[in-house]
Amino acid sequence: MLLFKNKITRKLKISLLSLFVLSLALTGASSVSAENTTYNVDTIVDLSSPDINLTILSGSVATSVVVGTGSVVATIPASGVFRITSADRYFNFSGETEFGVITHTCVNPTLAKLVVTAPAGSSQTITITLGDSACSPGSGGGGGGSSSSTPSTPAIPVTPAPIAVVPVVVTPTTPVVVPIVAPTTPSQTQYALGTKVLKLGSKGDAVKELQRFLNDKLKLGLVIDGRLGAKTIAVIKEWQKSQGLDPDGLIGPDTKAMMNADTTTTSTPSTSTGSYNLGTTILKNGSRGDAVKELQRFLNDKLDLGLVVDGMLGPNTIAVIKEWQKSQGLDPDGLIGPNTKAMMNAEAKKQ
């Protein structure tokens, strides 16, 4: 009886410690608005039923995170990205996901990764629980929609050895912007999308090339399996709409031409100027056009936001820009004028 009471007491202490660490991480994160909170460090979440640790990855954004005994309920703001991993089990998830983009992959045979990207127009609430088995190679998949894919159960479940996790919480006084320098030339200038129209249910090498395009340009993290499903079709429709194409979800000659034309526009500074072409007019909430696309590429490259490069500047992006201006010692007015553009291009030249 004494041993049983000690075990319960230890479990309660661990759960309370998990909630305390999560609270510290949220308090110390830099937020892009009064409601949004960004995790600046990887944060450990300790579930008690089952007794498993999850990790919310640095850079994740949420307006709220509620940790239960066996679940995590996260509300992600519009255009926000939330990333979480498990070294023990694959994930199950449910909630307001019909308009979002969710990728669930097995990074290796024992590490499951779930990435939730809320759409530009609304926040999303998702309930995350754990499956019954560990990840298996080739599990998971990408795309948007309310349905979730369940990784296959490995023939021989792999149980990793217990690892002592010591959470480290860093509370910076100002938001930290870490430049991310990408290659200046794409590894592939054209995608071999074939001659047939690709659609829901299509399979083969042309679909693999399409998946590589979506991973390269939209950072979806799809498994390159050569199978075209409903979630990926939903993402393609949104991309077609942003490019002025008919959003029919069919990858025909016009869509393929636009995709390969997009490969000539790199999301990195040009090799000749080392800068982004942000135009001569002041960019602000509601601005549109090529200069806004260059601004979105800058934010994707330097802040890893995962924005859709659609040339439309909305309030959520303006909130991020204000925080970035503040971190650079600029007036955080959300206006992208001469001083802000000069600072952005100075960041682009840093190696």
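Observations on the model:
- Counting only strands (runs of 3 or more DSSP E) that fall entirely inside region 38-78 and contain at least 3 residues that are within 16 Å of the chain's Cα centre (by Cα) and touching a residue at least 12 places away in the same chain (Cβ under 8 Å), the qualifying elements are 72-76.
- Candidate set from region 285-328 (those that are on the phi < 0 side of the Ramachandran plot and in contact with a strand residue (DSSP E or B) (Cβ under 7 Å, 6 or more places away or on another chain)); member that is surrounded by the fewest Cβ atoms within 10 Å (Cβ to Cβ): 288
- Given (1) part of a helix (DSSP H, G or I); (2) at pLDDT 90 or above, index of the condition residue 285 fails: (1)
- Here residue 350 clears all of (1) at pLDDT 90 or above; (2) surrounded by fewer than 19 Cβ atoms within 10 Å (Cβ to Cβ); (3) farther than 16 Å from residue 79 by Cβ except the condition numbered (1).
The values are calculated or read from the model by the stated rules, or taken from the named source; none is laboratory data. In this text, all values refer to a predicted model and were calculated from it rather than measured experimentally. As a convention, Cβ positions derive from the backbone with ideal geometry for all residues, glycine included, and neighbour counts pool all protein chains shown.
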